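Student: Quick one: the structure is below, questions incoming.
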Amino acid sequence: MPDFLLEIGTEEIPARMIDGAREEMRRRLIDLLVRERIAGQAIGYSDDPESPVLAFSTCRRIAVVAKGIRARQADITEHVLGPSTKVAYKDGVPTQAALSFAKKVGQDITQLQTAINEKGEYLGATVKKKGRPAAEILAESLPKEIAGIYWAKSMYWRGKSAERFVRPVRWLVSLLDGEVVPLEFAGIRAGHASEGHRILSPGSLSIDRPSDYSSALAKASVVVCTAEREQRIRKALDAATRTIPGARWREDKSLLDTVVNLTEFPSVVLANFDPEFLALADEVLVTVMRDHQKYFALEDASGKLLPHFLAVLNTDGDPDGLIRHGNERVLRARFNDARFFWETDQRIPLRQRVDMLKAVTFQKVLGSYFDKTMRVQKLGSLISEALRSAGSSVRPGVVFKAALLAKADLTTELVKEFTELQGIVGGLYAKAQQLDPILPAATAEAIGDAIYDQYKPESMDDSVPRSVEGAVLAIADKADSIAGMFALGLQPTGSKDPFALRRAANGIVKIIAEHKLPLPIAKLFSDARAEYADSEAERRFSKEIDFDEAIANFMRERLEFYLRDARGFAYDVVKAVLAAGCDDIVDAIARAEAVSEVRGSEDFASISVAFKRIKNILRQARETNKAVAEKLHESVLTEEAEKRLAAEIPAIAAQVRELRQQGNYGPALAQISRLRQPVDAFFDKVMVMVDDETVRANRLALLQTLLNEFSTIADFSEIVTESKSS
Amino acid sequence: MQGLRAYQENHLAASQNPLTFQQLVLRLQNFWADHGCVLQQPYDVEVGAGTMAPETFLRVLGPKPYRVGYVQPSRRPADGRYGENPNRLFKHLQFQVILKPPPVNVQELYLESLVAIGIDLRKHDIKFEEDNWESPTLGAWGIGWQVMLDGLEITQFTYFQQCGGIDLDPISAELTYGLERIAAFLQDVDSIYDITWVVGPDDRAVKYGEIRLQDELQFSVYNFERADVEKAWKHLGLYEAECQALLDEYAELRGAADKAVGEIIDSGEERTAKSERRVERRRFPVLAAFDLCLKCSHLFNILDARGAISVTERVGVIARIRALAVGVAKAYVDQQKAEGDSAPTKENSSPQTERLAASRS
């Protein structure tokens, strides 16, 4: 059983695309081997070094090794169906159709069999198919697999009529044990020749056999296994950090993944910056180091930044200290720039910058950031008021001031240079600048914090704004964007969400949930939409879209996502709870919690079965035009069980209503569980769809009442029960 | 590809002194001249980047192979800092190389050029990090990297995919060296103004600041404070109108020529008319239209630096200039094609096309 190797040698692939492409290539090879019946025994997707299909990558190569594949396909016997016998013979003489079928399968007409299936009788033949050699199959199929790899962005390099790939392909190694599998892609014929590290081991490198692959590359200064490179980098970071007493490097998985994919032979150098730069905000220092220079920051045990950094190199070391010196030089210039920007920015305080926002576009129809500021400020006030009247404590003055200054940092040099620091810079500047001498220090601090947190949460894992005022500002800002885009008809569709509106909406849900804000969604968005009234943008709003409905569906979807994925509620609980209302997020969560509590209980299993049944009966009645009485008439009740149920409902319903009002969903559900017995008895003893129209209409009314009264916490019919239900 | 190691061994200058600014330029010129590049002189109309010079913007269009290298002063009015910032300039110098089509060892050649300017690759850390280039104003974009040397971005390396809204075929590789950055790195100085431009006859180092500081200061003053906004708008309008008029005229000429194609020519008169049209098309000043377009782009940049362009205007003006650039690119390609069609096949064709022609017949 031979081993197979494919290495695609390229110019530097973007770091962010490498892992995905490597895994895709592994999957493509496995699928191909299985499809073509040349896989070895235990083939699978595991990353275990013992796995029969291994995948490797660096910035200059993607490689896959399949151990122990079949050298050739096994021969197989196939049954081939030909023309129907009606067509094949005319008056007992074989027709042209029969002859050409015989020719096609390479048999004499007399050797052909007949096969009968449900459509009739056909000519047939048993054909032995000789298995093809693996090398032939691989050479033929792999170019298509290589060409099929998904890249977020690809390019031409040999002209428009040639292939596209992420970057130019420069060599191919394709071996079945010691033999070259003669495949061709991008005008390159595969062979033994690979390349080592560009600088440490320039020139061509011959790979003899697939089993030698990683060791041959190791000799040419390429650590081809991604996990091994990560391990090396981690160790080197640790070792360099140990030279500074009490220091640790700031763990940063995404940065680590990046440098792992930027290197073939990594090493680490420890370097320093002037401690005077520590006077700059941490956020600025770390952004420069991490996002712009791909350096790891060092901190002490308390998390305070230290004047050192770690650079990951793609070479074997820095004996003369030249590389360290160079990196220090670059960082010094960057920090100097940042400090220069910081100081320049202070010449124009944030207050004065608000007017400058007239020249910064938010969205070409929705206007400038100045327009947005004005809207968000008003919307923020409305939200503050709503929260206060619902009993939350919020300082409207803080929201008002913060909203006014929130976008002003977009005009600063520092944010123009480091865009990822938007909001953060505004917050820092607000605190550094004396906004208003009569403001108490605590208020100024609160304004700064709200501005600082306005873009939070940036993902489902990110934290929400720390203060209520920050929460209100963040909600107002996001709701304004969503409302504007929806009104323009630019809502997200499928995988397309260019304005990241889903993220914004997820953020609103998360903030409301975690701050437990009594803030109804429909009102929030109709207010946000109203802020566009009489604006130039409004004249270009879409006439086709039903704004309220679109928003309601969109936000319901986001809430569903939050409850399921972030909070881990069962999907049927989420459906049941949202069916009973999703305008009040905090309330929906409380209901979901209560319903989850009772979900497994016998009473509720029984109740949900009963509710499903009620819904079905009512639906049938609707579909067959059977009348439901306007209200329940006790005089028409005949059976004991229905009398009892009708008698129980008002008392329980009154209790449930009261408990629901107080948000006491646990006890409310306990009350509902008291219905189980009478309901079960009702269905045992009473037939609803009787012929007597009056009795039937009355019983339907009873069920309708039951459904209406007790579906306000959750639609129990959505709860999935064990299949023991009848 | 034993080339790089050998090249390192042979070319790492024994000299211990880092290159002066002008030695850096000379070395790069020599290196790329050795690789068959036409050495051009800087283009004499204001441009924001070497890419906008016709040696790049126009030459990458159409099928003709071409290699060129040139220094291009690149003016970005909004980047001016009155000479006060050690890392930022209103006008910086790029060394621009176009390789059309790119040779298979283009990256290796690039690395050799670094050796040629005295960088010992064994002692430094080089990375090619994803960085795709795009210019909405030029309707141009490409795929490539920023080349990082010890954490410093020293070159933009781009495989052009589209220019003037036209898909390129063949593809061109564009190397843009940031000369001030590289010189500051080589000379290990923290401020661009401290770069030694040349060592004078008395062994005195002539600094970058002596030559360029005044430029930076005065143009910052002009671009940020003095440029007459109203006149700049007027100039922009005039240049745009003239460029557009030329493009319209060319389109008309082209329309007439296209109509003529396919008509059966029998009279000598018509034949003369056709050949006249051909001459007219050939001598049509598309290149001048491009200069006018560049003028517009520069005026836009000045107005932008002056803060004279509002949100709504901004998008619109960019679209106007883009329309000119796209129009010029189209006309240029058409003109080249017309020239290729009319050129006598024997004299102008390369040995390769001749071979192709032979194998087809």
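The values are calculated or read from the model by the stated rules, or taken from the named source; none is laboratory data. Quick caveat, the model's predicted, so the values are computed rather than measured. Cβ: placed from backbone, ideal geometry, glycine included. Neighbour counts: every protein chain shown.
Student: Identify, by number, the condition in (1) surrounded by 19 or more Cβ atoms within 10 Å (Cβ to Cβ); (2) more than 38 Å from the chain's Cα centre (by Cα); (3) in contact (Cβ under 8 Å) with a residue 40 or more places away in the chain that A:Pro202 doesn't meet.
Tutor: That leaves (3) as the condition not met.
Student: Here are some residues: A:Tyr571, A:Tyr532. Which one is among the hydroxyl-bearing types (Ser, Thr, Tyr) and surrounded by 17 or more Cβ atoms within 10 Å (Cβ to Cβ)?
Tutor: Answer to the check: A:Tyr532.
Student: Those residues that are surrounded by fewer than 21 Cβ atoms within 10 Å (Cβ to Cβ) and either part of a loop (DSSP other than H, G, I, E, B) or touching a residue at least 12 places away in the same chain (Cβ under 8 Å) (or both), I need them from region A:696-714; list them, please.
Tutor: A:Arg696, A:Ala697, A:Ala701, A:Gln704, A:Thr705, A:Leu707, A:Glu709, A:Ser711, A:Thr712
Student: When you check B:Ala140 against the structure, is it within 12 Å of another protein chain (Cβ to nearest Cβ) and hydrophobic (A, V, I, L, M, F, W, C), yes or no?
Tutor: Spelling it out, it is not the case that B:Ala140 is within 12 Å of another protein chain (Cβ to nearest Cβ) and hydrophobic (A, V, I, L, M, F, W, C).
Student: Okay, moving on. Counting only residues that are over 32 Å from the mean Cα position of the chain (by Cα) and surrounded by fewer than 16 Cβ atoms within 10 Å (Cβ to Cβ), how many does region A:446-467 have?
Tutor: So the count comes out to 0.
So that you can scan it fast, the table gives a plain yes or no per residue for (1) at the interface with another protein chain (Cβ under 9 Å from one of its Cβ atoms); (2) buried (at least 19 other Cβ atoms within 10 Å of the Cβ); (3) modelled with pLDDT under 95:
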residue	(1), (2), (3)
A:Asp257	no, no, no
A:Val269	yes, yes, no
A:Met289	no, yes, no
A:Asp320	yes, no, yes
A:Arg339	no, no, yes
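Student: Can you name the residue in region A:101-147 that is over 54 Å from the mean Cα position of the chain (by Cα) and surrounded by 12 or more Cβ atoms within 10 Å (Cβ to Cβ) and is also farthest from A:Leu29 (Cα to Cα) among such residues?
Tutor: In this case the residue turns out to be A:Ile109.
Student: Something else now. What is the residue count in region B:171-190 for residues that are within 17 Å of the chain's Cα centre (by Cα) and either buried (at least 22 other Cβ atoms within 10 Å of the Cβ) or assigned to a helix (DSSP H, G or I) (or both)?
Tutor: Number satisfying all stated conditions: 8.
Student: For region A:340-354, state whether one or more residues are closer than 20 Å to B:Glu129 by Cβ, of a type outside the set (A, V, I, L, M) and not assigned by TED's automatic domain parsing to the domain that holds A:Tyr429.
Tutor: no
Student: Yes or no: region A:342-355 includes at least one residue that is under 30 Å from A:Leu270 (Cβ atoms), over 32 Å from the mean Cα position of the chain (by Cα) and either without any contact (Cβ under 8 Å) to a residue 40 or more places away in the chain or not in a loop (DSSP other than H, G, I, E, B) (or both).
Tutor: Within region A:342-355 (the criterion being under 30 Å from A:Leu270 (Cβ atoms), over 32 Å from the mean Cα position of the chain (by Cα) and either without any contact (Cβ under 8 Å) to a residue 40 or more places away in the chain or not in a loop (DSSP other than H, G, I, E, B) (or both)), the answer is yes, since at least one residue qualifies.
Student: Can you list residue pairs whose Cβ atoms sit under 7 Å apart, with the first residue in region B:116-129 being more than 7 Å from every other protein chain (Cβ to nearest Cβ) and the second being among the small types (Gly, Ala, Ser) and surrounded by fewer than 20 Cβ atoms within 10 Å (Cβ to Cβ)? Count only pairs 6 or more apart in sequence or on different chains.
Tutor: Filtered contacts from region B:116-129: B:Gly118/B:Ala13.
Student: Which condition from (1) more than 31 Å from the chain's Cα centre (by Cα); (2) closer than 13 Å to A:Ala476 by Cα is the one that A:Leu405 breaks?
Tutor: So the condition that A:Leu405 fails would be (2).
Student: How many residues, within region A:176-189, are in contact with a strand residue (DSSP E or B) (Cβ under 9 Å, 6 or more places away or on another chain) and farther than 16 Å from B:Val104 by Cβ?
Tutor: 6
Student: Among (1) within 28 Å of B:Arg306 (Cβ to Cβ); (2) modelled with pLDDT of 95 or more, which single condition is B:Val229 missing?
Tutor: It is condition (2) that B:Val229 fails.
Student: Moving on to the next point. Among (1) within 14 Å of chain B (Cβ to nearest Cβ); (2) within 30 Å of A:Glu343 (Cβ to Cβ), which single condition is A:Leu306 missing?
Tutor: With (1) within 14 Å of chain B (Cβ to nearest Cβ); (2) within 30 Å of A:Glu343 (Cβ to Cβ) applied to A:Leu306, the lone miss is (1).
Student: Can you give me the ranges of the strands (runs of 3 or more DSSP E) entirely in region A:104-190 with at least 3 residues that are among the aliphatic types (A, V, I, L, M)?
Tutor: The qualifying strands (runs of 3 or more DSSP E) are A:120-129, A:169-176.
Student: Residues of region B:164-182 being away from every other protein chain (no Cβ under 13 Å) and either in contact with a Lys or Arg (Cβ under 7 Å, 6 or more places away or on another chain) or of a type outside the set (Val, Ile, Thr) (or both), which ones?
Tutor: B:Gly164, B:Gly165, B:Leu175, B:Tyr177, B:Leu179 - these are the residues of region B:164-182 that are away from every other protein chain (no Cβ under 13 Å) and either in contact with a Lys or Arg (Cβ under 7 Å, 6 or more places away or on another chain) or of a type outside the set (Val, Ile, Thr) (or both).
Yes or no, residue by residue, for (1) within 14 Å of another protein chain (Cβ to nearest Cβ); (2) surrounded by fewer than 21 Cβ atoms within 10 Å (Cβ to Cβ); (3) more than 29 Å from A:Ser267 (Cβ to Cβ):
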| position | (1), (2), (3) |
| --- | --- |
| B:Leu149 | yes, no, no |
| B:Gln161 | yes, no, yes |
| B:Asp202 | no, yes, yes |
| B:Ile211 | no, yes, yes |
| B:Glu230 | no, yes, yes |
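Student: Could I ask something else about it? When you go through A:Val365, A:Val330 one by one, which is the residue that is within 12 Å of chain B (Cβ to nearest Cβ), part of a loop (DSSP other than H, G, I, E, B) and either touching a residue at least 12 places away in the same chain (Cβ under 8 Å) or of a type outside the set (Phe, Trp, Tyr) (or both)?
Tutor: Residue meeting the stated conditions: A:Val365.
Student: Would you please name the residue that is nearest to the chain's Cα centre (by Cα), looking only at residues in region B:247-279 that are aliphatic (A, V, I, L, M) and at pLDDT 70 or above?
Tutor: If we take residues in region B:247-279 being aliphatic (A, V, I, L, M) and at pLDDT 70 or above, then B:Leu247 is nearest to the chain's Cα centre (by Cα).
Student: Restricting attention to region A:182-199, which residues are surrounded by 23 or more Cβ atoms within 10 Å (Cβ to Cβ) and away from chain B (no Cβ under 14 Å)?
Tutor: A:Ala190
Student: Any residue in region A:44-73 that's at pLDDT below 95: show its pairings with residues that are among the polar types (S, T, N, Q) at Cβ separation under 7 Å, as long as the two are six or more apart or on different chains.
Tutor: Here the result reads A:Gly44/A:Ser51, each pair linking region A:44-73 to a residue that is among the polar types (S, T, N, Q).
Student: A further question on this structure: Consider region B:216-228. How many of its residues are of a type outside the set (S, T, N, Q) and surrounded by fewer than 16 Cβ atoms within 10 Å (Cβ to Cβ)?
Tutor: Total meeting the criteria: 4.
Student: For the list (1) within 14 Å of chain B (Cβ to nearest Cβ); (2) within 30 Å of A:Glu145 (Cβ to Cβ), I need the number of the one condition that A:Leu217 fails.
Tutor: (1)
Student: Where in region B:68-167 are there strands (runs of 3 or more DSSP E), lying wholly inside it, with at least 2 residues that are within 27 Å of A:Gly326 (Cβ to Cβ) and either touching a Phe, Trp or Tyr at 6+ places or on another chain (Cβ under 7 Å) or small (Gly, Ala, Ser) (or both)?
Tutor: B:91-100, B:126-130, B:140-149, B:152-163
Student: Moving on. Which members of region A:237-251 meet the condition of being out of contact with any Leu (no Cβ under 6 Å at 6 or more places or on another chain), in a loop (DSSP other than H, G, I, E, B) and not polar (S, T, N, Q)?
Tutor: Selection gives A:Ile244, A:Pro245, A:Gly246, A:Arg250, A:Glu251.
Student: Let me ask something else about it. When region A:155-181 is examined, which residues are found to be without any contact (Cβ under 8 Å) to a residue 40 or more places away in the chain and within 8 Å of chain B (Cβ to nearest Cβ)?
Tutor: Across region A:155-181, the qualifying residues are A:Met155, A:Tyr156, A:Trp157, A:Arg158, A:Gly159, A:Lys160, A:Ser161.
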